[in-house]
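Take a look at the structure set out below.
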Amino acid sequence: MSRITPPLGVLLLACFFGWQVTNAQAGEALSQKPSLYIGIENNRRPYAYFTDKQQAQGLLVAVVTSACRQLELDCHFVGGLFNDLVQSLQNIKLNAVVVIDPSLPPEVDALKLTHPANIDRLKLTQPLCQITPVFIQKKLAQARSRPEDFKGTTIGVQEGSVFHSYLLANYGNLAHLKSYPLLESAIVDLVFDRIDAVLADEAFVSARVFESALDEYANLVVTPINKIGLAPTSMTLAVRDRDTDLLKQLSGVLTPTGKEPPCVELLATVPVKLAKK
Amino acid sequence: MPTISTRSPNQYRQSWIYISLLCLLLCCQSVVYGEEKTAVTPSSSPTPAVEQKTTPVATDKNKSATGTEEDTEAKTQAQAQLENSMDNVKVIEKTLATLRKEIDSSKKGVVLNRATIKDGLDQISNQLKDAYTGLEGMRNNISTNALGLEKLKTDLSAMDAKFKDNLLELDRKITTNTSDVSSQKYLVENYAAGGYETLLKMAELSTKLEKLSQGQTLQNDQKQDQRISMIKDLNRLWVLLAVVLVSLTPLAFVLSSNREQYKPLLDGTPQHQGVLLVCLGVFIGYFIIGFGLMFGTSAGGWIGTSSYVLGEKAIEPNMTPLFAFAEFLLYQAGFAMLAALIIYTAVGRQFSGAAHLLLALFVGAVLIPVFGHWAWAGRYITDNKGWLESAGFIDTGGSTTVHSVAAWFALVIVWQLSAQTPPSHDPDQPENEPVYSASAVLFLWLSALGLTTGTLSISSNQIETTMLNVGLAGSAGGIMAFLHYRYFRIDRGHITRALGGFVTGLVAVAASAPTLSFLEALVVGAVAGIIHNGGFILLRKYFLQRSWQVRTAYIVAIHGGGGIWGSLCVALFGSKGLFTLPDFTQLVSQLEGIAIALLYSVVLANVVFFLFTLNKKRFSVIS
């Protein structure tokens, strides 16, 4: 009996560890959710950006993360330039891309596509929030509001954005337009009087200028613009046109009512939490 | 190779068999020829079947080498087939030659068939010749083309390898450059974002600094408010202390003892008790009417129109007093009291107690307040100035406003009274009787400290210098008057003149004490002492010659002469710097104030005297 005890013990231990490993693998298999890789631009505060610890954050990131949680998806955010992200989406390296405010080409825009627009084999969800264009400028005795008031001035705008195309169409003959890859650079130029005004979304102005007290520092004021027609390609999520199920699921969660609030309101109501990259 | 015998009974059948064989060979040859043509035709696809199956990715050297070997093998096979075909053609040619010989040696009975066959064979022979010729040319061409193709293929392989290498290198460079551009763009964006964050930090710091500065300013403001509040409290305390000092004035007059003063008034009231009556009368008159006329809302700078009897809020709501009502009234009542006591002392026993009471009421209610409104209304409410003050007249301590006005008023009263009494000569030389005793002078000194400094702010650092100037001027006046009498007029009145000169110095310096330097104060006082003596002599010689008018002469010399000199000193010594040139504009204003005071007092004194004379028995006005 004493001779068979050690081998028996070893056998029992082996069975125990084997059982543990099997259980662990089974648990992992049970807890594993489907992954969704979503592309976001690296530095588009307050909509989508990465922190110093490389964690995705922002208004739209919070909305998408919330949707992923509802759909029980494990969302991973991947950073990059917008065009690269779109290519990665088309090459099936990503499942979706957050579209902040890129402009449609004029010929496509002229088709007056309704959502979901079919651009480059992509489809867009309904906007997650509504952009509110405002002019931010230095405090003057009489604030500029009408296009004629901007005659001879220099207006800064996000490069390739819907605001850019709007300015080209409506202010191109009046004012000098200066486009910036990063809108914050336009604000810096505005603060130091290198340009006269910046056209941007109210949420951006609220989060990046007014909450930081930069307006007091540089005497900046905001002038709202009357309702203008902008291309419907802002604040959406793009997926491949063949991923109809994913589009349907995301649309059902992201915009269940079809009435999107202004982004500046969403900025105040949606808690911006850390999200996994 | 089968042979055809012309002697066989089946000659005809054998011939056709040979022809059939020949045709079969020709067919084989044509098939071979077709394949060769397909293989060597330049217009056909140069890419072998193997190459067509190869993907663009599989273009490495190994596969290229394999392709070349297969090409060579296929070419060898084609060459072999061509050689075989040529051999076959030669066999056919030989067979045809043999066949022709046998036909020639065949029987003549079959001429027709033989001719037909011969023609067919000739045609075949010709065709074969042509085919052979064509094949030879073709063979040469194929050989030439094969060599060219070999060379071309070699060149192409070399070019293809080089091109592929270049293309790959170019592709790698483009990919590298694209990555670099993306990285640089990302870095630029990061730097721009970092710059913006720096700007935000800067704005935040600026805002914090501003708030800190505002907080500091707020703290400073609070401290300043506390300091201002404390200074206000101290000022109020100082005014109350000045009230106490000013209240010593009646005590000085009570203690002014001389032989004349021991005599009672016309109605039997002791003179020192008459002081009390005067004080009560002037205080009531000043409170009920006088203060309102003096510091009420001005009517064109001529008279105050407010009444403070029912409360201190009698002025316009937009007017803010500089002082609290009660303490300022008490303080100003001291001036009115001083004026009334000057008049009381000057008139003395010529009036009854009741007359003095009425006179004191008048002084407190009208005489001092009206002129005081012209010269001093702005003291209580800055924007409520009287016309004389607006014209530039300055009288800080009341040299003219109180002392001169009272002195001229008393002079006129006494001068009018003197007209109704016969001249007399006092053998006791009453000139040597001082109007103010030593103790009275000391109390007047204390009182003068209150009168000259009561409205000064505690924070102005002027109070102590003003007090010092008052003391210096009084002392200089007293000493100068004493020395003048000691060395220029030999009599017993040295100390009397010294006491009078001291008070004259106090009166003179009152107008400009806060603005004088110490030396200037000494000069002002010294000159005042001389003026006292000279004024007394002149008054006694020309205006007040009666023995009972000695006190009046002293009073007028002290308060009238000292008052005029003091008011002039504002322009003479009040300018910045020590003994600088006088401010002539100010001098004109001062002269204007002095003249107005004189005129005002004379007019009012005559009016009052006239009113008193209307019922002199009732008030026992005149002795």
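The values are calculated or read from the model by the stated rules, or taken from the named source; none is laboratory data. Every value quoted in this text rests on a predicted model; they were computed, and no experiment measured them. Methodologically, a virtual Cβ is constructed for each residue, glycine included, from the backbone with ideal geometry; neighbour enumeration extends over all protein chains shown. Remember, those area values only see protein heavy atoms, side chains included, never the ligands or the DNA or RNA. Shrake-Rupley method; radii C 1.70, N 1.55, O 1.52, S 1.80 Å.
Hey, any hits in segment B:390-403 for a residue that's open to solvent by 10 Å² or more (accessible area, probe 1.4 Å) and more than 22 Å from B:Thr515 (Cβ to Cβ)?
No, segment B:390-403 has no match at all.
Considering only residues that are surrounded by fewer than 19 Cβ atoms within 10 Å (Cβ to Cβ) and of a type in the set (Val, Ile, Thr), look in segment A:227-269 and name the one that is nearest to A:Asn170 (Cα to Cα).
Ranking the qualifying residues of segment A:227-269, first place goes to A:Ile228.
Considering segment A:73-95 alone, what residues qualify as being modelled with pLDDT of 90 or more and acidic (Asp, Glu)?
A:Asp74
Of everything in segment A:206-245, what is of a type in the set (D, E, K, R) and within 14 Å of chain B (Cβ to nearest Cβ)? Give them in sequence order.
Of everything in segment A:206-245, those that are of a type in the set (D, E, K, R) and within 14 Å of chain B (Cβ to nearest Cβ) turn out to be A:Arg208, A:Glu211, A:Asp215, A:Glu216.
Taking segment B:179-215 only, how many residues are more than 9 Å from chain A (Cβ to nearest Cβ) and under 17 Å from A:Ala186 (Cβ atoms)?
So the answer is 3.
Going by what's in this entry, would B:Asn140 be described as at pLDDT below 85 and within 30 Å of A:Ala207 (Cα to Cα)?
Answer is no for this residue.
What's the number of the only condition in (1) touching a His at 6+ places or on another chain (Cβ under 7 Å); (2) without any contact (Cβ under 8 Å) to a residue 60 or more places away in the chain; (3) not aromatic (Phe, Trp, Tyr) that B:Met294 fails to meet?
Only one criterion in (1) touching a His at 6+ places or on another chain (Cβ under 7 Å); (2) without any contact (Cβ under 8 Å) to a residue 60 or more places away in the chain; (3) not aromatic (Phe, Trp, Tyr) is unmet by B:Met294, namely (2).
State all residues of segment A:53-106 that are away from every other protein chain (no Cβ under 14 Å) and of a type in the set (D, E, K, R); if no residue qualifies, say none.
The answer is A:Lys53, A:Arg69, A:Glu72, A:Asp74, A:Lys93, A:Asp101.
Filter segment B:310-325 down to the residues that are at pLDDT 80 or above and not small (Gly, Ala, Ser), then identify the one that is surrounded by the most Cβ atoms within 10 Å (Cβ to Cβ).
B:Phe323
On the given criteria, is B:Ser125 more than 30 Å from B:Ile103 (Cα to Cα) and among the polar types (S, T, N, Q)?
Taking the combined requirement at face value, the residue does not satisfy it.
Taking segment B:236-259 on its own, how many of its residues are farther than 14 Å from B:Ala440 by Cβ, at pLDDT below 85 and open to solvent by less than 70 Å² (accessible area, probe 1.4 Å)?
0
Among the residues of segment A:191-205 satisfying the criterion of being within 14 Å of chain B (Cβ to nearest Cβ) and closer than 20 Å to A:Leu230 by Cα, which is surrounded by the fewest Cβ atoms within 10 Å (Cβ to Cβ)?
My answer is A:Val205.
Which pairs have Cβ atoms under 6 Å, sit 6 or more apart or on different chains, and link a residue in segment B:553-581 that is at positive phi to one that is at pLDDT 85 or above?
Cβ pairs passing all conditions: none.
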